[in-house]
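Every read-out reported here was derived from the displayed coordinates using simple, explicitly stated rules and does not represent laboratory data. This structure is a prediction, so every number in the text was calculated from the model and none was measured. Note that each Cβ is placed from the backbone with ideal geometry, even for glycine, and that neighbours are counted across all protein chains shown.
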Amino acid sequence: MCGRYYRRSDKQWISEHFRVRGNLPDFVPDHNIAPTTFQPVIRLDRETGERELATMRWGLVPHFAKDLRDFRMNTINAKAEALMTSAMWRLPFTRRRCLVPADGFYEWRKLDEKTKQPYAFAMKNGDPFAFAGIWTRWMEKDGKPLESYAIITTDPNELAASVHNRMPVILKPQDYERWLTCDDTLPPPLDLLRPYDADATTMWEAHKDVGNVKNNRVELLNSA
């Protein structure tokens with residue numbers, strides 16, 4: 001599961017790194033991104049075919065949902081193995097894929113029955129990266145559209161496996177365009193849903209305060 005991640009990069013850096021065009025929504029660095037908050041994602045503009053930044057709710061709300069309250073934590077992640085077999089995920093995966101920009105993510109290791117230690121994961125070179133995401137649009141009762149997304153998870157690499165039995169799918173830059181391009185004449189990019197290279201990632205103990213979503217400061221990346 002990926003239940004918390006962080007983004008140190010601002011919108012200008014993200015737009016340059018991911019080659020985004022058009023207007024940029026307002027957002028700032030976030031060191032403790034939690035489910036149900038609204039975060040930037042990258043998708044293709046259907047009119048121009050160029051990459052655009054959009055702000056969406058983390059926690060996918062399927063088009064068939066009757067009440068938003070039914071979808072809180074259980075749709076923040078989509079298992080790679082279920083994308084083609086679940087009615088929840090199949091349509092977004094084949095038609096609405098996105099990049100979720102991040103600088104790292106958190107996972108917790110259980111130390112005993114009452115204690116968990118959070119760890120931060122990132123690229124060894126410090127570069128921002130993108131989770132493989134899917135998104136959808138749901139109409140609220142007042143007719144207002146709500147766009148939301150989920151992060152795809154897979155088996156952990158050797159590093160992540162020391163803490164958790166899942167990890168988010170991290171895409172390599174050369175695969176961004178292929179992931180974003182949803183073409184019914186092409187097979188879906190299932191081969192990209194694999195653990196990221198362990199030797200390109202790093203992890204360290206994070207501050208225990210990251211467990212409280214009210215805490216959001218750069219010091220959360222340091223152990224305490």
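Computed from the Cβ-Cβ distance with R0 of 45 Å, the FRET efficiency linking TRP13 to GLU113 stands at 0.60. Okay, which of segment 193-224 sit inside 11 Å, backbone N to the point 7 Å along the Cα-Cβ direction of SER162? What the label zone holds, given the 11 Å backbone N cut-off, is 202-205. Each residue, LEU190 and THR85, gets one label point 7 Å from its Cα in the Cβ direction; the gap between the two is 1.0 nm.
Over the C-alpha atoms of segment 5-221, the Rg to Rh ratio, Rh being the Kirkwood estimate, stands at 0.95.
Computed extension length for THR36-THR55: 5.6 nm, one decimal, from 0.36 nm per residue of separation with the Cα-Cα distance subtracted. Neighbours of HIS207, meaning other residues whose beta-carbon lies under 10 angstrom from its beta-carbon, give a summed charge of -1 when Lys and Arg score +1 and Asp and Glu score -1. Pairs of Lys residues in segment 92-224, spaced 8 or more positions apart or belonging to different chains, with C-alpha separations under 16 angstrom: 4 in total. For segment 5-221, a crude dipole built from +1 on the beta carbon of Lys and Arg and -1 on the beta carbon of Asp and Glu, taken about the Cα centre, is about 560 debye to the nearest 20.
Per residue, the chain reaches -2000 deg cm²/dmol at 222 nm when only DSSP H runs of four or more residues are counted, each adding -39500 (n - 2.57). The stretch between ASP183 and TRP204, if pulled fully straight at 0.36 nm per residue, gains 3.6 nm over its current Cα-Cα span. Taking a point 7 Å out from the Cα of ASP127 in the direction of its Cβ, the residues of segment 165-186 whose backbone N falls within less than 15 Å of it are 170-177.
Which cross-chain or sequence-distant (5 or more) residues have an amide H under 5 Å from the amide H of ARG109, H modelled 1.01 Å from N in plane? Sorted by chain and number, the residues that satisfy this are GLN117, TYR119.
Net length available on complete extension from ARG69 to ASP197 is 42.4 nm, with 0.36 nm assigned per residue and the Cα-Cα distance removed.
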